[in-house]
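Novice: Okay, handing you the structure first.
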């Protein structure tokens, strides 16, 4: 398990908590680097140099006798063997390279990754542009070989045989030349180069393997055994179980075993049905595959349905709950992060960043916090209640339907990449109704029943959140198909039509 932390003041304290939480790696990420589409404000005003965060992290972990339990990695425009040596001497034993290998493979840093117009075909889904990509794995291998060679040469000069011997050896760094430089006069590097005075029993690099307690997980102690008939013979399995918030990533290991044996196609729908009662911990249903249906009578924590891969997740309050489900948060933040396929039905509200990076899941929820559908690229989301601010920021695909009874949703939405429309197509209205009917069927939602009972009245109150580029591309595909083209031919024609449309309106 790897945890990424931004290099900033106080990062050492956070890293200590990460180590105590049994992470295997902590990554200290500097303010340099990032994707080619990073905004200039992020590049120039977010975070600190990796050297500062790395030095603080290493020192704090050593002082608390935690350094031997966790590997420390750093990244942020590492380009040379000398960069690796500097990072090791300041406390890292793992090193992240991204920008330099990207350039070695052909990137020219045009910073248009998000526009689908990369002229060298690195970051584009346009087949014509992708054909221009000339990078080969050998280019990156060659580059990294040069880096490794320089690392060995510098290690030999310093008298080290292994990277572990170098970790934290700030005594081999000389700051005098930097301090006497006219631009740096008066700077004090003693805090960065400080080496904690601890005994030989305190480890200075990762030497102890973490025990994650996986053998005590609900999957390995209970679920996998129950699911074995389904995995081995395709038999239907139904079980009811208690759940507590210490039970994290429930269903993930079982899903892994299904995928390992059957591949991405998984099992037929509802082959495995686990019904839980209680409060689920973080990442309930993460990466769950096709054929698994997990329901909770209770509530769930953050990252509900993270990476969902075809499974079905359901959550609703207990039957004797003394509150209105539609007015209360029942799942935490960042639900459906990076999910690719499946369904979820939430009888209640979700926290912030609901469906962030969702690329294929159909979801129903009765209210969301800030940043709903952020960076969403596919799927369908139905919100039967209020949203927080910044809804649909960076949303480039998929469609969201938001029930806007107050008429104020437009003020909450980020319309830089999406349009707000009415739901008017008969086919679309029928699809919307079917999704809500499923929601009511699985959760017994009072809110859903209310909408269905007067559906014709509620339809005009739904706002369709439709990404502009996605809409234009769908139109191009529809036009190509009307001309008798199918499959890849239709998609290629759509790309060409889309490019002509963009050139006519002066787009990128």
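Nothing in this text is a laboratory measurement; each read-out follows from the coordinates by a stated rule. All values reported here derive from a predicted model rather than from experimental measurement. Glycine gets a Cβ as well: all are built from the backbone with ideal geometry, and neighbour counts include every protein chain shown.
Novice: Angle, helix 487-505 long axis vs. longest principal axis of the chain, Cα atoms, 0 to 90°, nearest 10?
Specialist: Helix 487-505 sits at roughly 80 degrees to that axis.
Novice: For the pair residue 173 and residue 446, how long in nm is the line joining their label points, each one 7 Å along Cα→Cβ?
Specialist: 6.1 nm
Novice: Work out how much length residue 146 to residue 239 would gain on full extension: take 0.36 nm times their residue separation and subtract the Cα-Cα distance, in nm to one decimal.
Specialist: 27.8 nm
Novice: Given an 8 Å cut-off on Cα distances and at least 6 residues of separation, report the relative contact order of the chain as a percent.
Specialist: 7 percent
Novice: Let me ask something additional. Could you grab the Rg to Rh ratio for the range 62-109? Cα atoms only, Kirkwood for Rh.
Specialist: 1.12
Novice: Most exposed first by the Cβ proxy, i.e. fewest other Cβ within 10 Å, how do 329, 238 rank?
Specialist: 238, 329
Novice: Stretch residue 82-residue 425 to full length: gain in nm at 0.36 nm per residue minus the Cα-Cα span?
Specialist: 117.4 nm
Novice: For the chain, take the longest principal axis of its alpha carbons; what is the angle in degrees between that and the long axis of helix 468-482, to the nearest 10 within 0 to 90?
Specialist: Approximately 60 degrees, to the nearest ten.
Novice: Over the range 215-470, what is the relative contact order in whole percent, taking alpha-carbon pairs under 8 Å and six or more residues apart?
Specialist: Computed value for the range 215-470: 11 percent relative contact order.
Novice: Going 7 Å from the Cα of residue 164 toward and past its Cβ, which residues in the range 1-15 have a backbone nitrogen under 20 Å from where you end up?
Specialist: The answer is 1.
Novice: With each run of n ≥ 4 DSSP H residues scored as -39500 (n - 2.57), what mean residue ellipticity at 222 nm is computed for the chain after dividing by its residue count and rounding to the nearest 500 deg cm²/dmol?
Specialist: Roughly -10000 deg cm²/dmol at 222 nm, from the helical runs in the chain.
Novice: Hey, another quick one. For residue 112 and residue 3, what does the FRET efficiency come to when R0 = 45 Å and r is the distance between their Cβ atoms, rounded to the nearest 0.05?
Specialist: FRET efficiency, residue 112 to residue 3: 0.90.
Novice: Separate question: Which one, (1) 26.1; (2) 29.5; (3) 23.8, gives mean projected area of the Cα convex hull in nm² as derived from the coordinates shown?
Specialist: For mean projected area of the Cα convex hull in nm², the calculated option is (2).
Novice: Then there is this: Can you give the Rg to Rh ratio of the range 332-383, both from alpha-carbon atoms, with Rh computed by the Kirkwood formula?
Specialist: Here Rg/Rh amounts to 0.90.
Novice: Moving on. When DSSP assigns beta bridges and you keep just the ones with both residues in the chain, what percent turn out antiparallel, to the nearest 5?
Specialist: About 15 percent, rounded to the nearest 5.
Novice: Separate question: What angle, in degrees between 0 and 90 and rounded to the nearest 10, separates the Cα long axis of helix 137-158 from the longest principal axis of the Cα atoms of the chain?
Specialist: 30 degrees
Novice: On full extension of the chain, what length is gained from residue 406 through residue 46, given 0.36 nm per residue of separation minus the C-alpha to C-alpha distance?
Specialist: 125.9 nm
Novice: Would you please put 413-426, 19-32, 277-290 in order of how densely packed they are, using the mean number of other Cβ atoms within 10 angstrom per residue and starting with the highest?
Specialist: 277-290, 19-32, 413-426
Novice: So if R0 is 35 Å, what FRET efficiency would residue 434 and residue 483 give, r being the distance between their Cβ atoms, rounded to the nearest 0.05?
Specialist: 0.70
Novice: Along the Cα→Cβ direction, 7 angstrom out, place labels at residue 207 and residue 185. What is the inter-label distance in nm?
Specialist: 4.5 nm
Novice: So, in nm, how far is label residue 415 from label residue 125 when the simple model puts each one 7 Å beyond its Cα toward the Cβ?
Specialist: 2.5 nm
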